[in-house]
1. In whole Å, largest first, what are the principal axis extents of the Cα atoms in region 206-339?
2. Loop-only check: which GluC sites (Glu not before Pro) in region 1-103 are DSSP coil with at most 16 other Cβ within 10 angstrom?
3. Once label points are set 7 Å from the Cα along Cα→Cβ at both residue 216 and residue 333, what is their separation, rounded to one decimal in nm?
4. Using a 7 Å offset from Cα along Cα-Cβ at residue 56, what residues in region 107-123 end up with backbone N under 15 Å from the label point?
5. Given labels modelled 7 Å from the Cα in the Cβ direction, how far is it in nm from residue 243 to residue 35?
6. Would you mind putting 149-160, 300-311 in packing order, based on average other-beta-carbon counts within 10 Å, highest first?
7. Between their Cα atoms, which of 16/146; 277/304; 146/312; 157/279; 279/312; 4/202 are more than 30 Å away from each other?
8. Relative to a virtual label point 7 Å from the Cα of residue 291 in the Cα→beta-carbon direction, which members of region 1-36 show backbone nitrogen distances below 20 Å?
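Read the figures in this text as sums done on the coordinates, not as results from a lab. Predicted model only: the values in this text are computed from it and were never measured. Heads up, the Cβs are rebuilt from the backbone with ideal geometry, glycines too, and the neighbour counts pull from every protein chain shown.
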Amino acid sequence: MTEKKVLLTGDRPTGKLHIGHYVGSLKNRVDMQNSGQYDPYIMVADKQAFTDNARNPEKIQNSLLEVVLDYLAVGIDPAKTTIFVQSAVPELSELTEYFLNLVSVARVQRNPTVKAEIQQKGFGESIPTGFFIYPVSQAADIALFKGQVVPVGDDQKPMLEQTRELVRTFNRYYNTDILVEPEGIFPPEGQGRIPGLDGNAKMSKSLGNAIYLSDDEDTLWAKVKSMYTDPTHIRLADPGHVEGNMVFTYLDIFDEDKAYVADLKAQYEAGGLGDMKIKKYLFEVLNQELAPIRERRAQFAADKSAVLDIVKTGSEKARIVGQQTMAEVRHAMGVDYWG
Ligand code: TRP
């Protein structure tokens, strides 16, 4: 039997997860977990959340449980996947500190994702130092667990590159091979990104255009009803546009019955098919996928202390792995003065 590869990924706990997360990564994580080919770790990156939410500890604390509930609801199985909390593994900070010496300020500054986030968040001249260096701490997240496979969104490509560089530099400087260069797994071309209900390219909490895994049926229907369709499709008989119409964009992503969707598109373009009708259909399709997730979520949510226990057990296990790697790191660097 071949050795299972260590899979590591994570999310910042800054809110509940939505169907964008589901399509872009959660679904894939569950498949990878169930393939039996990996030893998966999923980290709730609370320390990273503090890098841009230092004034919002309640948000991070509340989101931690929500994010773990979302994981469990979609089928992340704690018997197969180690779910842990970043702050419960202080060795991550120790490795980060050593990694910081292996990369220049100029190199950290070149990260396009961080640059874009700095713009978005409007930090101006007041970029928190922790935020600025979070790609280095993310490299430590991956390296401490000797992560080999890191399934993440496209925006995380620069982080993977940075991690590979840091691992190579560490191994070279300290003449060792203990750290492992990870491989990023990215969503297939054109997939893994779902626009918002309003047609905005990004589904996000701050834009208020997201469908959450925890939304109940009424909320789901209200959101589907509000979706951006085709402003030129005024009377029922008018020919409608499918391109840029969120209902069809979502049907393309969620409906397995491609032939039926093609048929609906043709009818819509010809005229005579109303928005309400296609929205009702999309609601059915989405609800079929989300209802079992919602149900499982409610079951887990009924016993919050059991959920916290899952994360505690996972964090204890992760800590042991972290301590082992850190002992090897100290040895390689010669900072194990007392053996
Ligand atoms: N930066 C990731 C995000 O956008 C979260 C994260 C932190 C992560 N550490 C990681 C992802 C390590 C993969 C591997 O939410």
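1. In descending order, the Cα extents are 82, 37, 30 Å.
2. For GluC sites (Glu not before Pro) across region 1-103 that sit outside H, G, I, E and B with at most 16 neighbouring Cβ atoms in 10 Å, the list reads 3.
3. Taking the simple label geometry, residue 216 and residue 333 are separated by 5.2 nm.
4. 117-118, 120-123
5. Here the modelled spin labels are 3.5 nm apart.
6. 149-160, 300-311
7. Violating the 30 Å Cα-Cα cut-off are 277/304; 157/279; 279/312; 4/202.
8. Within reach of a label on residue 291, which here means backbone N under 20 Å from a point 7 Å along Cα→Cβ, region 1-36 contributes 19.
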